[in-house]
Amino acid sequence: MAESVISNRIIFRKRGTQGAFILGVKSKLKVSWSELASKLALNPRTLTDWSREKFHMSYKAASSMSKISNISIPNGYKILKWNNHLKSVSSKGGKALVEKQGSVSINESHRKAQWREWWNEKGKFENSIVQPLPFFKPLFSERLAEFIGIMMGDGGMSKHQICITLHHIDDMEYSKFLVKLIIELFKIRPSVYHSVKYSVKDIVISRSELVKYLHSLGLPIGNKVKQQFDIPDWIKINLKYQIACLRGLVDTDGSIYTHKYYVNGKSYSYKKISFTTASAPLRNSVYEILKSLGFCPRISHKVDVRLESQKDVKNYFVLVGSHNPKHLNRYAKVGYSKV
């Protein structure tokens with residue numbers, strides 16, 4: 001059951017403490033906003049609002065975060081008893097109305113009748129809570145397939161929100177590409193939140209209908225790994241879509257690294273590519289796509305799909321490529337060389 005809005009609030013004396021605490025918990029648990037919200041039985045929007053310190057968070061949620069992350073609640077706070085707060089607000093509001101109008105109507109049935117009349121004639125058609133926010137539904141394309149790969153890599157979805165979590169420095173340029181891609185595909189400008197202290201940048205879209213649409217395209221809602229998610233069939237049957245999706249996956253959950261070893265006293269250094277996932281179906285699909293493209297992939301430690309030959313790594317950047325400057329820079333800087 002979701003947490004009641006009528007609950008005690010924790011108020012930190014120093015501004016920034018609440019946001020830093022929440023981001024610290026999220027970073028330590030290595031989860032998306034949607035996944036953390038699910039653990040706490042909260043709406044993801046509530047959690048992100050708290051992280052931006054738009055509102056004071058509940059003491060119950062703070063205690064739960066501390067328990068699941070083993071991070072102590074920061075010192076320097078007080079607890080606001082919510083019932084006392086409501087009484088205070090109600091009292092102040094009533095006094096203001098009396099001063100302004102001379103009296104306050106207590107005809108509850110009349111008030112409810114007026115509200116129903118407004119709701120039936122106007123409210124339910126204008127209220128943004130019940131009207132789904134618009135977005136553009138793109139046709140199948142390489143760009144959409146790449147976005148699906150990005151979501152399967154560093155993205156996550158709750159019933160109401162989409163969140164992609166990137167490194168705030170290493171992926172800074174890539175995040176700009178991703179924002180442009182989202183605008184191009186769905187005609188929506190996402191919200192971007194970042195924390196220098198915890199090295200994270202979250203790209204967030206709050207659209208229930210968009211979540212449903214992406215779910216219909218094959219993206220899971222909730223914990224991806226538990227559902228052992230896989231590349232959607234509409235991508236698997238099209239070679240260009242496979243390549244685009246693979247690029248999105250490796251740009252987010254892949255790495256370009258240097259393998260060094262010694263032979264007869266000489267040091268050798270080579271670039272290699274690794275894609276990591278805990279989902280067996282996804283891992284096998286990436287392996288099969290790479291094989292179909294003429295590569296010689298290898299599965300390592302049961303979670304990595306690797307390209308280890310110089311030829312494969314070079315051809316990957318020719319055939320598949322990357323939109324993540326982090327990968328392109330590492331590929332350019334680390335050469336095949338003898339030391």
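The values are calculated or read from the model by the stated rules, or taken from the named source; none is laboratory data. Just so we're clear, the structure is a prediction, and the values are computed from it rather than from any experiment. Don't worry about glycine lacking a Cβ; one is built from the backbone with ideal geometry, like all the others, and counts go over all protein chains shown.
Quick notes on this one:
- Considering Phe140, Phe147, the condition of being surrounded by fewer than 16 Cβ atoms within 10 Å (Cβ to Cβ) and modelled with pLDDT of 90 or more is satisfied by Phe140 alone.
- Candidates in segment 262-279 are the residues that are closer than 19 Å to Phe317 by Cα and of a type in the set (Ser, Thr, Tyr); of these, the one that is surrounded by the fewest Cβ atoms within 10 Å (Cβ to Cβ) is Ser269.
- Here segment 150-162 is the region considered, the condition is being modelled with pLDDT of 90 or more and not small (Gly, Ala, Ser), and the residue that is farthest from Cys245 (Cα to Cα) is Gln161.
- Any pair with Cβ under 9 angstrom, 6 or more apart, that starts in segment 19-44 at a residue that is closer than 9 Å to Met65 by Cβ and not assigned by TED's automatic domain parsing to the domain that holds Asn70 and ends at one that is at pLDDT 85 or above and assigned to a helix (DSSP H, G or I): none
- Residue list for segment 291-309, restricted to those being over 18 Å from Lys260 (Cα atoms) and acidic (Asp, Glu): Asp304
Here is a yes/no grid of residues against (1) buried (at least 17 other Cβ atoms within 10 Å of the Cβ); (2) modelled with pLDDT under 90:
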| position | (1), (2) |
| --- | --- |
| Lys197 | no, yes |
| Val200 | yes, yes |
| Val211 | yes, no |
| His215 | no, no |
| Lys224 | yes, yes |
| Phe229 | yes, no |
| Asp233 | no, no |
| Leu239 | no, no |
| Pro281 | no, no |
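- Residues satisfying the stated conditions in segment 258-276, i.e. in contact with a Lys or Arg (Cβ under 7 Å, 6 or more places away or on another chain) and in contact (Cβ under 8 Å) with a residue 60 or more places away in the chain: Thr258, Lys266, Ser267, Tyr268, Ser269
- Yes/no for Tyr174 being closer than 30 Å to Asn284 by Cβ, assigned to a helix (DSSP H, G or I) and assigned by TED's automatic domain parsing to the domain that holds Ile150: yes
- Of Pro297, Pro325, Pro232, all but one fail to be within 18 Å of Glu146 (Cα to Cα), touching a Phe, Trp or Tyr at 6+ places or on another chain (Cβ under 8 Å) and not acidic (Asp, Glu); the exception is Pro325.
- Index of the failed condition, Lys176 passing every other in (1) surrounded by 22 or more Cβ atoms within 10 Å (Cβ to Cβ); (2) under 16 Å from His323 (Cα atoms): (1)
- Selection within segment 241-261: residues that are closer than 19 Å to Ser322 by Cα and surrounded by fewer than 18 Cβ atoms within 10 Å (Cβ to Cβ). The member of this set that is modelled with the lowest pLDDT is Thr258.
- Residues (assigned to a helix (DSSP H, G or I), in contact with a strand residue (DSSP E or B) (Cβ under 7 Å, 6 or more places away or on another chain) and not aliphatic (A, V, I, L, M)) located in segment 142-162: Asp154
- Subset of segment 21-63 [surrounded by fewer than 18 Cβ atoms within 10 Å (Cβ to Cβ) and of a type in the set (A, V, I, L, M)]: Leu29, Ala41
- Count - residues of segment 277-299 that are more than 18 Å from Pro232 (Cα to Cα), touching a strand residue (DSSP E or B) at 6+ places or on another chain (Cβ under 9 Å) and not hydrophobic (A, V, I, L, M, F, W, C): 2
- Selected residue (only one of Ile235, Ile256 is in a helix (DSSP H, G or I) and not assigned by TED's automatic domain parsing to the domain that holds Gly153): Ile235
- Val305 vs. criteria in a strand (DSSP E or B), modelled with pLDDT of 90 or more and within 21 Å of Ile231 (Cβ to Cβ): yes
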